[in-house]
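Notes follow the structure.
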Amino acid sequence: MARIGLLKPRIAKYAESSGTVTYSNGQIMAKAIEHELTLENSDPVILYADDGAAESVGGFSSGTLTITIDELPIETAGLILGMTVTTIESPAGASVSFDDDMNPPYLGYGVIVPKIRNNARTWMAVLLTKVKFSIPGDTYNTKGETVEFGTPELTATVMRDDTTKHAWRKWAEFGTETAADTWLNTQLGIS
């Protein structure tokens, strides 16, 4: 199936107790532009027997998620970077402070990927069970004769979760976007 889009990146706070993972404070981050997952796999360890390879063990070690979104709302920045969002009364607004109190939490992260095969559409929900975002850099440009869009790029480390099977990614495919949305929201505890 060809992947033909990217929709609705969302996050939720990760928590673990006795091998059970739960999520809270889930929300849509922004509108998706790009999602790239680069994986680090452990080198296979090979057991040789009878003059040949008999067994091989290797697999997922960690990963790096790079996402580009249309905007980084202040509430989302507060959640992914572990900052307190402060309401400003006059003039009305909100603020966060990049300081020693920042403590980026572990999060669950998900997106929906529309797909098409033989002219039939499906929607794949992708869940990364445990990620931790890095503090993003900024690029701002002055407006010249034409407008140049500037969009934030965020990077997160992808890890195994704390369940007994140590999941790190889940895929689910559905016949409608609504079904994919519902599954992903259920996984991340978003109501």
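With everything on Cα atoms, drop me the angle between helix 177-187 and the longest principal axis of the chain, reported from 0 to 90° to the nearest 10.
Roughly 80 degrees between the two axes.
Place +1 on the Cβ of every Lys and Arg and -1 on the Cβ of every Asp and Glu in the range 42-137, take the dipole about the Cα centre, and give the residue among Gly78, Ile116, Gly93 whose Cα lies farthest towards its positive end.
My answer, from the dipole projection, is Ile116.
Applying the Karplus parametrisation 6.51 cos²θ - 1.76 cosθ + 1.60 with θ = phi - 60° to the phi angles of the range 90-98, what ³J(HN,Hα) value in whole Hz is obtained for each residue in order, glycine and proline being reported as x?
My calculation for the range 90-98 gives 9, x, 4, x, 8, 9, 9, 10, 7 Hz in order.
Using every alpha carbon pair in the chain, what percent of pairs falls into each 5 Å bin from 0 up to the bin containing the largest distance?
The percentages, shortest bin first, are 1, 7, 13, 16, 17, 15, 11, 8, 5, 3, 2, 1, 0, 0, 0, 0.
Would you count, across the chain, every pair of lysines whose alpha carbons are under 14 angstrom apart, provided the pair is eight or more residues apart or spans two chains?
5
Evaluate the relative contact order of the range 75-191 (contact order divided by residue number), counting alpha-carbon pairs under 8 angstrom at least 6 apart; express in whole percent.
With pairs under 8 Å counted, the relative contact order is 24 percent.
Rounded to the nearest 500 deg cm²/dmol, what is the calculated helix-only ellipticity per residue at 222 nm for the chain, with -39500 (n - 2.57) per DSSP H run of length n ≥ 4?
Result for the chain, helices only: -3000 deg cm²/dmol.
Could you tell me, in Å, what Rg and Dmax come out for the Cα atoms of the range 1-83?
19.3, 61
Using a 1.4 angstrom probe, figure out how much accessible area the chain has per residue, in square angstrom, rounded to the nearest whole.
With all protein chains present, the chain gives 62 Å² per residue.
Roughly what percent of Cα-Cα pairs across the range 70-183 reach past 16 Å?
Percentage above 16 Å: 73.
Once the piece of chain linking Lys165 and Ile74 is laid out straight, how much longer is it, given 0.36 nm per residue of separation minus the C-alpha distance between them?
29.3 nm
Going by average Cβ density within 10 Å per residue, which order do the peptides 164-174, 106-116 take, highest to lowest?
Final packing ranking: 106-116, 164-174.
Arranged from highest to lowest average of other beta-carbon atoms within 10 Å per residue, in what order do the peptides 126-138, 45-57 appear?
126-138, 45-57
What size of dipole, in debye to the nearest 20, comes out for the range 1-152 about its Cα centre when the only charges are +1 on Lys and Arg C-beta atoms and -1 on Asp and Glu C-beta atoms?
Once rounded to the nearest 20, the dipole reads 880 debye.
What list of whole percents do you get for P(r) of the range 58-127, with Cα-Cα distances grouped in 10 Å bins up to the one holding the largest distance?
14, 31, 28, 17, 8, 1
Roughly how many percent of the accessible protein surface of the chain is carbon and sulfur, given a 1.4 Å probe and a whole-percent answer?
48 percent
The values are calculated or read from the model by the stated rules, or taken from the named source; none is laboratory data. This is a predicted model, so every value here is computed, not measured. Here Cβ is always computed from backbone atoms with ideal geometry, including for glycine, and neighbour counts include all displayed protein chains. Heads up: the accessible areas ignore ligands, DNA and RNA and are worked out on the full protein's heavy atoms, side chains in. Shrake-Rupley method; radii C 1.70, N 1.55, O 1.52, S 1.80 Å.
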